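K.L.:
Take a look at the following structure, please.
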Amino acid sequence: MPDLKVLKDACDAAEAAKAELVTERRANREAMSPRAFLEYNDATRAKQKAIQATVDSCDNDFREALKVIRSDAVDRAIRVAVGTVDEGNSGVELGNG
Amino acid sequence: MGDVALNDMKGRLAEIVGAGGDIIVIPLSAVEADATFQDGYVSVFVAGGGNGILDAAGNTEQVGSSWDRKVHTNANITLTVDDTNNLVRVILDSDSTWNAVAASNDVVALLICEDGASDAVRRVIGSWAFVVTTDGNDVVANYDQALGIWTAA
């Protein structure tokens, strides 16, 4: 079972780093001349790309984990419905001796 | 409903990106008819002084469940010149994802805007048709990495 808390914490940390970057960019856009802002933008392109790559990666890992959890939940619900699993037992199969 | 640009802002997006600007995407639960929207409002800003795009009764931001605004920083936007079709294309390098959006939090469009320090300075470029009936699953806006989200001719 994927550790959703670990993955969620990673997503939150990545989003927080991006939010900090965005806040900095908004402030600089207001304060700097157009030329100065362009130079600042050029100097921070690698940082912008790296932060977005981290956000995308964390998001992807979280979505993949949710897929596994949903798939497992559906599988279990089906098995409970058809009676091969007792709903009161977590994963114990009936009919095994 | 289609993809419509504010007439007042036509041709500006490429210039904004070329100047180092960021784009912010705002999900909408309601948007005015194309003809009304593109003819514009008192101002081109997202909101402010009762004159912005979101100040109009027919345009409503969707803030329910996990919907939020997504910022695309300048380095993650590609401007590409298409000499075959005589266009400039604006391409968002990353898709926007909203995780596990609860049912009954539908959207009909995405507002594409120049980002800034507040809604009073964020200029709206246009509205992009994006109809989603939410059901608890993730929502992903897949931006075309070849054709881009907007073109200027």
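K.L.:
Within the range B:43-54, identify whether any single residue is within 14 Å of chain A (Cβ to nearest Cβ), more than 15 Å from B:MET9 (Cβ to Cβ) and in a loop (DSSP other than H, G, I, E, B), and answer yes or no.
P.N.:
no
K.L.:
Search the range B:80-104 for residues being buried (at least 18 other Cβ atoms within 10 Å of the Cβ) and of a type in the set (A, V, I, L, M, F, W, C), and hand back the single one that is farthest from the chain's Cα centre (by Cα).
P.N.:
B:VAL101
K.L.:
Just wondering, is there one or more residues in the range B:105-115 that are at pLDDT 90 or above and exposed (fewer than 15 other Cβ atoms within 10 Å of the Cβ)?
P.N.:
Within the range B:105-115 (the criterion being at pLDDT 90 or above and exposed (fewer than 15 other Cβ atoms within 10 Å of the Cβ)), the answer is no, since none of the residues qualifies.
K.L.:
Which of the following residues is at pLDDT below 95 and of a type in the set (Val, Ile, Thr): B:VAL42, B:VAL46, B:VAL25?
P.N.:
Answer to the selection: B:VAL42.
K.L.:
Scanning for something among the charged types (D, E, K, R) and outside any strand (DSSP E or B), does the range B:75-82 turn up at least one residue?
P.N.:
No, there is no match, as no residue in the range B:75-82 is among the charged types (D, E, K, R) and outside any strand (DSSP E or B).
K.L.:
Using the structure shown, decide if B:SER118 is on the phi > 0 side of the Ramachandran plot, part of a loop (DSSP other than H, G, I, E, B) and at pLDDT 95 or above.
P.N.:
It is false that B:SER118 is on the phi > 0 side of the Ramachandran plot, part of a loop (DSSP other than H, G, I, E, B) and at pLDDT 95 or above.
K.L.:
From the set of residues in the range A:7-44 that are away from chain B (no Cβ under 12 Å), surrounded by 12 or more Cβ atoms within 10 Å (Cβ to Cβ) and out of contact with any helix residue (DSSP H, G or I) (no Cβ under 7 Å at 6 or more places or on another chain), which is modelled with the highest pLDDT?
P.N.:
A:ALA13
K.L.:
Kindly indicate whether B:TRP128 is under 18 Å from B:LYS10 (Cα atoms) and away from chain A (no Cβ under 14 Å).
P.N.:
yes
K.L.:
Just for the range B:66-79: of the residues that are over 20 Å from B:ALA5 (Cα atoms) and surrounded by fewer than 17 Cβ atoms within 10 Å (Cβ to Cβ), which one is nearest to the chain's Cα centre (by Cα)?
P.N.:
Within the range B:66-79, the match that is nearest to the chain's Cα centre (by Cα) is B:ASP68.
K.L.:
Now for a separate question. Condition first: of a type in the set (Asp, Glu) and over 10 Å from B:ALA30 (Cβ atoms). Now tell me which residues in the range B:47-62 satisfy that.
P.N.:
B:ASP55 - this is the single residue of the range B:47-62 that is of a type in the set (Asp, Glu) and over 10 Å from B:ALA30 (Cβ atoms).
The values are calculated or read from the model by the stated rules, or taken from the named source; none is laboratory data. Just so it is clear, the model here is predicted, and its values are computed rather than measured. Heads up, the Cβs are rebuilt from the backbone with ideal geometry, glycines too, and the neighbour counts pull from every protein chain shown.
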